[in-house]
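Every number here is computed from the coordinates shown, using simple stated rules; none is lab data. Keep in mind that what you see is a predicted model, and the values were worked out from it rather than measured. Note that we place each Cβ from the backbone using ideal geometry, even for glycine, and neighbour counts take in every protein chain shown.
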Amino acid sequence: MRQAGRSLPEYRELRADVPMLAACRQPDLVCEITLQPVRRHGVDAAILFSDIVVPVAAAGIDLDIAPGVGPVVAEPIRDTAGVERLHRLTPADVSFVDEAIRLLVRELGATPLVGFAGAPFTLASYLVEGGPSRTHARTKALMYGAPAVWHALCARLAEITLEFLRVQVSAGASAVQLFDSWAGALSEADYRRYVLPHSAHVLSGLAGTGVPRIHFGVGTAELLRAMGEAGADVVGVDWRTPLDVAARRVGHGRAVQGNLDPATVFAPWPVIEAEVRRVLAEGRAAPGHVFNLGHGVLPQTAPEVLTRIVARVHAATAGPGGQP
Ligand code: 1CP
């Protein structure tokens, strides 16, 4: 899950003098940072070191990732002229990602690499607000007040995202994850009207690639049904909804991903272990379950605890005798 690397001293050392976006554009550094949590924890898959705003910057938007803040956009997009500043993405704009993935696939051997991108709503929120927002007030103001501009922005973002994910799959990514982290800010009706068609466009555009598509958001208990309809193979769930409940909501035939509360790592081991067992047991209600945290690794997390959780999950799921 996101920022597994941030809790590692070896990550902090590598990043000490390199700003986030610059790091994302150096294939050898991307390769090494992506490998770090795999080496440390023995997880079953690697997640590409990058950020959801990387393709948007490559498509012409002046932005930065400020330490301790997140993405900050120099000139927020709030009208048609703003949408026009976002040009179409070509593979050449993100050749550094292609190169990093080719390096990684060689290094990873049998371990699959998960590529990712931000979904149109979450990307639009950063672009419209100009940075992280708790309320997404300006985003919703545009959505309700100028729906044509909103849909033009999301359609453009969906094209960029689709192209970016296609580049990652062509370079060798074994699965892709579409992060709609902030979709939980919306009612189901608004999600269906303003967001779902754009995310569905991205997901259906990848159907022919044959790689599994994961779709994740935070605070999405009321949206799981609609997110299931958006077309992914796996729906990621935060820690608020038990996986057996989530499995019913996302609909038949879809796997689930999640959903240990990232703060569980600060509990005594017997509590953590009981939570791991609960998540595994509830995950059995779905046709498939990717064990994961319910959101990103908190930076204060002790790496040793993550290693122990991974080992516990492996012990519970290895072979036919494995029991949660
Ligand atoms: O573990 C990894 O490093 C994986 C790579 C990764 C991923 C998958 C990063 C590195 N970012 C992301 C996705 C991402 N970025 C999401 C979707 C997933 C999620 O919900 O967690 C989002 C919403 C962002 C935006 C973002 N980038 C934030 C959140 C700000 C907010 O609005 O609250 C932050 C803090 C960043 C910066 C960032 N991205 C990644 C790292 C390691 C960092 C920290 C920068 C640093 O260490 O200097």
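Counting only whole DSSP H helices of the chain, the ones at least 24 Å long by C-alpha along their axis and with mean Kyte-Doolittle hydropathy no lower than -0.5 are 147-171. Dipole check for the chain: with +1 at the C-beta of Lys and Arg, -1 at the C-beta of Asp and Glu, and the Cα centre as origin, the magnitude is about 660 Debye. Once the C-beta distance of E188 and A263 is scaled by a Förster radius of 30 Å, the resulting FRET efficiency is 0.65 to the nearest 0.05. Taking label points 7 Å from Cα along the Cα-to-Cβ direction, T80 and A274 give a separation of 6.1 nm.
Applying 1/(1 + (r/R0)^6) with R0 = 41 Å to the Cβ-Cβ distance of D17 and A285, what FRET efficiency is obtained, to the nearest 0.05?
The formula returns an efficiency of 0.30 here.
Ordered by the count of other Cβ atoms within 10 Å of each Cβ, fewest first, R40, R225 give R225, R40. To check you understand DSSP bridge types, tell me what percent of the beta bridges within the chain (both residues inside) are antiparallel, rounded to 5. Here the share of antiparallel DSSP bridges comes out near 15 percent. Approximating the spin labels as points 7 Å out from Cα along Cα→Cβ, the V69-to-R248 distance works out to 4.5 nm. Footprinting exposure proxy ranking of R88, R213, fewest other C-beta atoms within 10 angstrom first, gives R88, R213. Approximating the spin labels as points 7 Å out from Cα along Cα→Cβ, the A137-to-H87 distance works out to 3.5 nm. Summary value for segment 1-136: 29 percent relative contact order, contacts being C-alpha pairs under 8 angstrom separated by 6+ residues.
Which of the trypsin sites (Lys or Arg not before Pro) across segment 247-324 are loop residues per DSSP, with 16 or fewer other Cβ within 10 Å?
When the trypsin sites (Lys or Arg not before Pro) of segment 247-324 are filtered for loop state and at most 16 Cβ neighbours within 10 Å, R284 remain.
Contact order, relative form, for the chain: 16 percent (alpha carbon pairs under 8 Å, 6 or more residues apart, mean separation divided by residue count). Taking a ≥ b ≥ c as the square roots of the eigenvalues of the Cα gyration tensor, segment 1-130 is prolate, since a/c reaches 1.5 or more and a/b is larger than b/c.
Using the Kirkwood formula on the Cα atoms of the chain, what hydrodynamic radius do you get, in angstrom to one decimal?
On the way: mean 1/r = 0.0500 Å⁻¹.
Result for the chain stands at 20.0 Å.
Panel order for Y144, Y194, by other beta carbons found within 10 Å of each beta carbon, from fewest to most: Y144, Y194.
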